[in-house]
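What follows is a single structure, written as structure tokens, with notes after it.
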Amino acid sequence: MTLNELIIQCKKQNATAQAELYKKYNGVLFAICLRYSPNFTEAEDNLQDAFITIFKKIAQYNGKGSFEGWMKRVTVNTVLQKYRKQRTFDIVDEGQIEDEIEVEIDKDEIPLDFLLKIVQELPDRYRLVFSMYVLDGYQHKEIAEMLKISDGTSKSNLARARAILKSKIEDYNAKNNNT
């Protein structure tokens with residue numbers, strides 16, 4: 001089945017087409033869920049919720065733009081909505097930090113599973129802003145609108161996330177260079 005045929009069948013609530021769509025895109029969308037979730041189990045739950053939302057809202061996809069991009073946006077919004085509903089997502093306006101902290105990562109020396117682990121360990125507010133800005137390319141204005149925070153808070157949370165990650169990467173490098 002072509003992608004367009006798959007979309008048409010999913011709009012008709014065809015279970016076989018839905019299963020095929022899930023099979024085709026669960027890896028891509030799970031990677032997003034992992035970045036936004038504090039652990040693997042919650043990422044699995046978020047993926048499930050995202051696909052439920054995708055299947056409910058697929059009729060809204062009008063064929064303009066990338067279907068995969070549309071699904072990614074639905075996934076991000078689904079995860080963010082979950083945090084808002086749980087009220088565990090607490091962003092405190094911490095003022096703006098002007099200096100951008102750059103995190104140097106040598107991908108050959110630092111395992112990907114370690115990087116994912118330290119991103120998942122970030123407090124919710126930092127992890128979400130970091131993932132949205134660095135990994136998914138949202139601008140601070142978009143992040144502020146989606147999370148209902150100020151641009152300055154978005155920038156501050158990003159800077160604090162980068163500082164935490166930088167510290168953990170430096171600790172990792174020091175530990176592994178001394179052994």
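A few notes on this one:
- Flag for Ala159 being in a helix (DSSP H, G or I), at pLDDT 90 or above and surrounded by fewer than 18 Cβ atoms within 10 Å (Cβ to Cβ): no
- Checking Glu68 against (1) touching a residue at least 12 places away in the same chain (Cβ under 8 Å); (2) in a loop (DSSP other than H, G, I, E, B), the condition it does not meet: (2)
- Screening Tyr172 with (1) part of a helix (DSSP H, G or I); (2) under 22 Å from Gly69 (Cβ atoms); (3) not polar (S, T, N, Q) gives one miss only, at (2).
- Of all residues making up the stretch 121-154, the number that are surrounded by 19 or more Cβ atoms within 10 Å (Cβ to Cβ), more than 17 Å from the chain's Cα centre (by Cα) and in a helix (DSSP H, G or I): 1
The values are calculated or read from the model by the stated rules, or taken from the named source; none is laboratory data. For clarity, every value in this text was computed on a predicted model and none was experimentally measured. For neighbour counting, all protein chains shown are included, and Cβ atoms are generated from backbone atoms with ideal geometry for every residue, glycine included.
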